[in-house]
1. Just a yes or no: is a residue in segment 16-33 in contact (Cβ under 8 Å) with a residue 40 or more places away in the chain and surrounded by 13 or more Cβ atoms within 10 Å (Cβ to Cβ)?
2. Only one of these conditions is not met by L193: (1) surrounded by fewer than 19 Cβ atoms within 10 Å (Cβ to Cβ); (2) at pLDDT 95 or above; (3) more than 30 Å from A13 (Cα to Cα). Which number is it?
3. Just to verify a result, which residue in segment 196-231, among those that are modelled with pLDDT under 95 and among the hydroxyl-bearing types (S, T, Y), is nearest to Q251 (Cα to Cα)?
4. Of the conditions (1) within 26 Å of E225 (Cα to Cα); (2) in a helix (DSSP H, G or I); (3) charged (D, E, K, R), E42 fails just one. Which one is it?
5. Checking V107 against (1) surrounded by 19 or more Cβ atoms within 10 Å (Cβ to Cβ); (2) in contact with a strand residue (DSSP E or B) (Cβ under 8 Å, 6 or more places away or on another chain); (3) among the β-branched types (V, I, T), which single condition isn't satisfied?
6. Scan segment 219-269 residue by residue and report those that are loosely packed, with under 14 Cβ neighbours inside 10 Å and either under 24 Å from D183 (Cβ atoms) or of a type in the set (F, W, Y) (or both).
7. Would you point out which residue out of E75, E61 is among the acidic types (D, E), out of contact with any helix residue (DSSP H, G or I) (no Cβ under 8 Å at 6 or more places or on another chain) and loosely packed, with under 12 Cβ neighbours inside 10 Å?
8. Filter segment 45-65 down to the residues that are over 20 Å from K275 (Cα atoms), assigned to a loop (DSSP other than H, G, I, E, B) and in contact (Cβ under 8 Å) with a residue 24 or more places away in the chain and list them by number.
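The values are calculated or read from the model by the stated rules, or taken from the named source; none is laboratory data. Computed from a predicted structure; not experimentally measured. Here the Cβ positions follow ideal geometry from the backbone for every residue, glycine too, while neighbour counts run over all protein chains shown.
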Amino acid sequence: MRFSLRQLEVFLATAHFQNISKAADSLAMSQSAASSALKELEQQFDILLFDRVGKRLQLNEQGRLIRARAEALLEQAKEVEQALMQHKDAGPVKVGATLTVGNYMAVTVLSQLMKDHPDAEVSLGVANTQQIMQQVLNYDIDIGMIEGEIQHPELNIMPWRNDDLCVFCSPEHPLAGKAAISDEDVLSHAWVLREAGSGTRQAFDRAMHGILPQIHISLELQHTEAIKRAVLSQLGLGCLSRITLEDDFAQGTLVELPMPHRDFHRTLYFILHKKKHISAGIQRWLEYCEAMS
């Protein structure tokens, strides 16, 4: 074989950091050793994998073509190593989840997984749908869990479970106590919503088709709890996943406002890169998520 796994590690770390010094640090190597490994890899095949702009190394077309295969090969090599060591069946997994999924669902899955497998290595990051999609495409995370609907030719998008949004207000709001609210009610009051790019906002915009341009959005916030506090302070009506509001409704701190003529149902999804190797760790995470649903 004309290349080593170490050379591939240097290549992938450099692709991630776009800097040979940072790549070397992440691999506990000297900068000169990392530079030599990358140079040898390119010379072996008479190819350039990066465009060099100052100190920044940006993947070129050739580099992008082999990145996914290199990722998959290293994942498989790690599994072989783990099987030989017989320490564990599943390796580390990096999960990215959107706000609602991460804070209210993935944490529950992670808790159960850690109870059953105390040595499991799972990291969980939270961002909005567009950011999670980009992290999967860049191989920054192994698997994404999202609320929004997306399409991308390089992604496998797999339905996970159903969810629905609900409109809510403060108990002191003029609409509190109504059996159902109309489109006229929607347009007569201010709203506090998630930011554009989030799956919750995408579902809200879809549900409000036909009247969306006329809705008065007074605040756009990135965090569920911030939206609930703003609504409690009567800064507007809110719309979030039902799972984030169950305790508030039960305690009476927030009030649901039914809108039966509007469809707030949606699907939650897993997303993976099509060229990503499904490791034992990823497979175990998927199984725990499915068991929860």
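1. Yes: one or more hits.
2. Just one mismatch for L193, condition (1).
3. Taking the candidates together, the pick is T224.
4. (1)
5. Result: V107 fails condition (1) only.
6. Residues satisfying the conditions are P258, P260, H261, D263, H265.
7. E61
8. F45, K55 - these are the residues of segment 45-65 that are over 20 Å from K275 (Cα atoms), assigned to a loop (DSSP other than H, G, I, E, B) and in contact (Cβ under 8 Å) with a residue 24 or more places away in the chain.
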